[in-house]
Amino acid sequence: MRTCQINPSILSADFTNLERELTRIHTADAVHVDVMDNHFVPNLTIGLPVVQRLAEVSSLPLDVHLMISDVDRWGPGYAEAGAASVTFHAEASAAPIKLARDLRAAGAKASMALRPATPIEPYLDMLPELDMVLLMTVEPGFGGQAFLDLVLPKIRRVRRAIDGTGLPIALQVDGGVTRETILRAAEAGADVFVAGSSVYGTEDPAEAVVTLRNLAARTPVSM
Ligand code: DX5
Ligand code: ZN
């Protein structure tokens, strides 16, 4: 068994009662908070004031996923708000190395996300600046989309590159993670899994988290 984490996305939760929705995923490793600006992605969710309140009331660490433009300017504020990790999109950052350093300096883990069609290769030399890499397995913007199997080879390439650094960099996948697709993502080398609809869409979200984590932990990485 290896160590895997399940971070449910509150994008699929009831936005009128987020505090209660957090208690329904008490078995999770962290809560994944999707921030969208209707500019970097064609959808709008929540922003800094809500994330600040979530950080105050949540007993789970906040895994904040910023799908916003001009993230070099706005990203560090989410670290200052108390997020345990802040993920920015490589496609939205003009200076990703500076931003990763700013996030760490503000007390958060620094994480960089790539859309499905964005290659990792231009960013390999900056892996030591990061605590996590997020590979999108759907086009970002909406929950409930189908997992893109075409990202599996990139998951394997990033797994190998992370292993090559010898650093404890997490490899997160986000989008379309279900009891079925988590097996393929885990086998390819992911170790942190975001799941929205496959957790909040069930009768017992806390139990769904445990089931997903067990499935991933029992799946050996196969290069
Ligand atoms: C999509 C978001 C995801 C989303 C995943 O842009 O980044 O975190 O909530 O939802 P599911 O698990 O339903 O694909
Ligand atoms: Zn997300």
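The figures follow:
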| quantity | calculated |
| --- | --- |
| Qualifying residue in region 43-50 (condition: more than 16 Å from ligand 1 (Cβ to nearest atom), within 18 Å of the chain's Cα centre (by Cα) and assigned to a helix (DSSP H, G or I)) | yes |
| Out of ALA30, ALA95, sole residue that is more than 17 Å from GLY143 (Cα to Cα), hydrophobic (A, V, I, L, M, F, W, C) and out of contact with any helix residue (DSSP H, G or I) (no Cβ under 7 Å at 6 or more places or on another chain) | ALA30 |
| Output for region 3-13, where each listed residue is more than 16 Å from ligand 2 (Cβ to nearest atom) and open to solvent by less than 60 Å² (accessible area, probe 1.4 Å) | CYS4 |
| Residue that is most open to solvent (accessible area, probe 1.4 Å), among those in region 188-223 that are over 18 Å from the mean Cα position of the chain (by Cα) and more than 21 Å from HIS26 (Cα to Cα) | ARG218 |
| Near pairs, Cβ below 9 angstrom, 6+ apart or cross-chain, from region 157-181 (closer than 24 Å to VAL64 by Cβ) to any residue that is more than 16 Å from ligand 1 (Cβ to nearest atom) and assigned to a strand (DSSP E or B) | ALA170/LYS109 |
| Segments classed as helices (runs of 4 or more DSSP H), wholly inside region 53-170, with at least 1 members that are touching a Phe, Trp or Tyr at 6+ places or on another chain (Cβ under 8 Å), open to solvent by less than 20 Å² (accessible area, probe 1.4 Å) and more than 13 Å from ligand 1 (Cβ to nearest atom) | 71-80, 96-105 |
| Matching entry among ASP191, ASP149, ASP174, ASP204 (being in contact with a Leu (Cβ under 8 Å, 6 or more places away or on another chain) and farther than 19 Å from LEU124 by Cα) | ASP174 |
| Enumeration of residues in region 171-182 that are more than 10 Å from ligand 1 (Cβ to nearest atom), under 17 Å from the mean Cα position of the chain (by Cα) and surrounded by fewer than 23 Cβ atoms within 10 Å (Cβ to Cβ) | LEU171 |
| From THR16, THR27, THR23, residue being at pLDDT 95 or above, closer than 20 Å to ALA208 by Cα and surrounded by fewer than 17 Cβ atoms within 10 Å (Cβ to Cβ) | THR23 |
| Among the candidates PRO122, PRO116, residue that is within 16 Å of the chain's Cα centre (by Cα) and over 13 Å from VAL35 (Cα atoms) | PRO116 |
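Each row is one residue, and each column tells you yes or no for (1) within 15 Å of ligand 2 (Cβ to nearest atom); (2) farther than 26 Å from ASN17 by Cα.
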residue: ALA55; (1), (2): no, no
residue: ASP63; (1), (2): yes, no
residue: ASP70; (1), (2): no, yes
residue: GLY82; (1), (2): no, no
residue: ILE97; (1), (2): no, yes
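A quick yes/no check of all residues on (1) assigned to a loop (DSSP other than H, G, I, E, B); (2) in contact with a Lys or Arg (Cβ under 6 Å, 6 or more places away or on another chain); (3) among the hydroxyl-bearing types (Ser, Thr, Tyr); (4) in contact (Cβ under 8 Å) with a residue 24 or more places away in the chain:
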site	(1), (2), (3), (4)
ARG2	yes, no, no, yes
PRO8	no, no, no, yes
LEU11	no, no, no, yes
ASP14	yes, no, no, no
ARG20	no, no, no, no
ILE25	yes, no, no, yes
ALA28	yes, no, no, yes
ASP34	no, no, no, yes
PHE40	yes, no, no, yes
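The values are calculated or read from the model by the stated rules, or taken from the named source; none is laboratory data. From a predicted model like this one, the values you see are computed outputs, not experimental measurements. Note: ideal-geometry Cβ built from the backbone for every residue, glycine included; neighbour counts use all protein chains shown. Note: areas computed on protein heavy atoms with side chains; ligands, DNA, RNA excluded. Shrake-Rupley method; radii C 1.70, N 1.55, O 1.52, S 1.80 Å.
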